[in-house]
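Worksheet: one structure, shown below.
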Amino acid sequence: MQAKRKSVFVCSVCGAQAPKWVGQCDDCESWNTLVESRIERSTVRRATRSAPPAQRLDEVSIERDVRFSSGIGELDRVLGDGYVEGSVVLIGGDPGIGKSTLLLQSLAHLSQSVPVLYITGEESAQQVAMRARRLGIDAPELALLTENNLEDVTGCLESRKPRVVVIDSIQTLYSNQLTSAPGSVAQVRETAAQLVRFAKRENTVMILIGHVTKGGALAGPRILEHMVDTVLYFEGEKSSRFRLIRAIKNRFGAVNEIGVFAMTERGLREVSNPSAMFVNPNRDPSPGRVTLATQEGSRPLLAEVQALVDRSPVANPKRLTVGIDSNRLSMLLAVLHRHGGYPLYDQDVFVNAVGGIKITEPAADLAVALAVVSSLRDKPLRQDMIVFGEVGLAGEVRPVQRGLDRLREAAKLGFKSAIIPHENKSRSMPQGIGIIAVKRLSEAISKMRSE
Ligand code: TYD
Ligand code: MG
């Protein structure tokens, strides 16, 4: 066997390959992100290998996934009911958001029953131990390894054979086999591939932590998404104490499921009833605030959207959103103008989803539109009212999925009134909540009284 050397150019943001250097990546359109990467090509002739036999579908033996709890209910929920043996989970998120803390908490719990290993290339053993003490984690069985070298890491894995491994973080590992720097696309891909192989062979749960970086210096974990079974992302504003974990990809569960946590001095605490944390039916009514019933994964979530509309001092007014899609807001402002009679072209409009959550579903439209109108008119909605519904370009209010679940959640938390799409109204509406079913945006606006 003889090895032939060849170079390719790999984008450090998305991992796309190009045969020669170009200034802009063809795939993700980032500038100046291509780096040279040498590849070893094996020149073994294919014909000399015996062809693998194919199997009939009905001959494939089906074994059930073996799952076990992570020790943290909200994490189990996003994983699709706990860790699956032999699966590889990638957890991404901004630095400082709580990735290391959460996984340390999970391993501490698991260490009571199974062998676990926490491998860190980011912090010293002392720093990890100090954090564990500060957070009140007592786990004498938790094995810790501070190492950056992949060959040493796999050596330790082979000898200890842990059931659950955390790699903190994948960008700090490097393999002796490659000349490129730790964190480069080639290194990240190679080290991850070896860890994935180990996980599959030994039936180990492998959890890879990855930093999401905007620049090109460190490889973002996006290139890893294809190699792993489950991808979870940490979300949340630095200033807010809420943290959400969202499943982006999951071979063993539903995507878009979320887990909700609150940051405390004792680590991340689960929030099993998130709606109650985000909204309060007894708050003081004030203009521009609307409680929205959204759906996150398998459960409804009540959240608050706030809008502030103010006369703009400049010819080109500001539109700013936090946690809401800004294109969607532009569309809603146009619909409000054409079908609600509210000209907003000379107004600055700010919209915020409170608590650092990101709302992506169109069912938020009606709440955003009513929050804008409420702020513009300086008239509050009644505080015990919730709103949901998609708004179409013709000013119609369209039905949303799982309307009944949203209403039940609202009724459970003490909300007394709801503006909903007409088609979401059915005979079996929950008790104790007055339903205002609307067909058009203008109708919703006329019914948003303050008491
Ligand atoms: P850390 O878990 O290190 O973030 P990441 O691994 O994502 O970079 O958390 C950052 C710091 O915040 C760390 O010093 C511990 C602290 N922290 C708490 O005190 N309580 C918490 O609930 C969390 C999540 C973090
Ligand atoms: Mg960390």
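General remarks:
- Consider the stretch 396-441 and keep the residues that are at pLDDT below 95 and of a type in the set (Asp, Glu). The one that is farthest from Leu292 (Cα to Cα) is Asp405.
- Selection status of Ala363, at pLDDT 95 or above and surrounded by 24 or more Cβ atoms within 10 Å (Cβ to Cβ): yes
- Residue list for the stretch 146-180, filter: of a type in the set (Gly, Ala, Ser) and without any contact (Cβ under 8 Å) to a residue 24 or more places away in the chain: Gly155, Ser159
- Test result for Gln112, surrounded by 19 or more Cβ atoms within 10 Å (Cβ to Cβ) and within 27 Å of Gly259 (Cα to Cα): no
- Whenever a residue of the stretch 92-121 is assigned by TED's automatic domain parsing to the domain that holds Pro140 and in contact (Cβ under 8 Å) with a residue 40 or more places away in the chain, its partners that are within 9 Å of ligand 2 (Cβ to nearest atom) and in a helix (DSSP H, G or I), lying with C-beta atoms within less than 6 angstrom and at least six residues away or across chains, give the pairs Gly93/Lys99.
- Residue match in the stretch 206-225 (condition: among the hydroxyl-bearing types (Ser, Thr, Tyr), more than 16 Å from ligand 1 (Cβ to nearest atom) and either under 24 Å from the mean Cα position of the chain (by Cα) or surrounded by fewer than 18 Cβ atoms within 10 Å (Cβ to Cβ) (or both)): no
- Just so you know, in the stretch 259-274 the residues that are in contact (Cβ under 8 Å) with a residue 40 or more places away in the chain and either buried (at least 22 other Cβ atoms within 10 Å of the Cβ) or within 16 Å of ligand 2 (Cβ to nearest atom) (or both) include one that is nearest to the chain's Cα centre (by Cα), and it is Gly259.
- Given (1) within 32 Å of the chain's Cα centre (by Cα); (2) modelled with pLDDT under 95, index of the condition Lys447 fails: (1)
- For the stretch 73-90, a residue qualifies if it is buried (at least 24 other Cβ atoms within 10 Å of the Cβ) and of a type in the set (Val, Ile, Thr), and the qualifying residues are Val78, Val88, Val89.
- Scope the stretch 381-393; condition in a loop (DSSP other than H, G, I, E, B), surrounded by fewer than 20 Cβ atoms within 10 Å (Cβ to Cβ) and at pLDDT 95 or above; matching residues: Gly392, Leu393
- Summed over the stretch 135-179, residues that are outside any loop (DSSP other than H, G, I, E, B) and under 15 Å from Leu103 (Cα atoms) total 9.
To keep it simple, each residue is scored yes or no on (1) at pLDDT below 95; (2) more than 12 Å from ligand 1 (Cβ to nearest atom); (3) touching a Leu at 6+ places or on another chain (Cβ under 7 Å).
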{"site": "Arg64", "(1), (2), (3)": "yes, yes, no"}
{"site": "Glu74", "(1), (2), (3)": "yes, yes, no"}
{"site": "Gly93", "(1), (2), (3)": "yes, no, no"}
{"site": "Gln112", "(1), (2), (3)": "yes, yes, no"}
{"site": "Val128", "(1), (2), (3)": "yes, no, yes"}
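- Matching residues, the stretch 181-191, being among the small types (Gly, Ala, Ser) and either touching a residue at least 60 places away in the same chain (Cβ under 8 Å) or within 16 Å of ligand 1 (Cβ to nearest atom) (or both): Gly183, Ser184, Ala186
- Selection within the stretch 112-130 - farther than 17 Å from Asp76 by Cβ and among the hydroxyl-bearing types (Ser, Thr, Tyr): Tyr118, Thr120, Ser124
- Test for Leu117: is it within 28 Å of the chain's Cα centre (by Cα), away from ligand 1 (no atom under 16 Å from the Cβ) and in a strand (DSSP E or B): yes
- If you check Phe242, Phe278, Phe234 for being hydrophobic (A, V, I, L, M, F, W, C), at pLDDT below 90 and over 26 Å from Leu407 (Cβ atoms), only one passes: Phe234.
- Conditions (1) more than 21 Å from Val185 (Cβ to Cβ); (2) at pLDDT below 75; (3) in a loop (DSSP other than H, G, I, E, B); number of the one not met by Val13: (1)
- Pairs, first within 16 Å of Leu393 (Cα to Cα) in the stretch 317-344, second assigned to a loop (DSSP other than H, G, I, E, B), C-beta under 6 Å, six or more apart: Leu333/Leu344; Val335/Gly395; Leu336/Tyr342; His337/Pro343; His339/Gly395
The values are calculated or read from the model by the stated rules, or taken from the named source; none is laboratory data. No experiment lies behind these values; they were computed from the predicted model shown. FYI the Cβ positions are ideal-geometry reconstructions off the backbone, even for glycines, and counts take in every protein chain you see.
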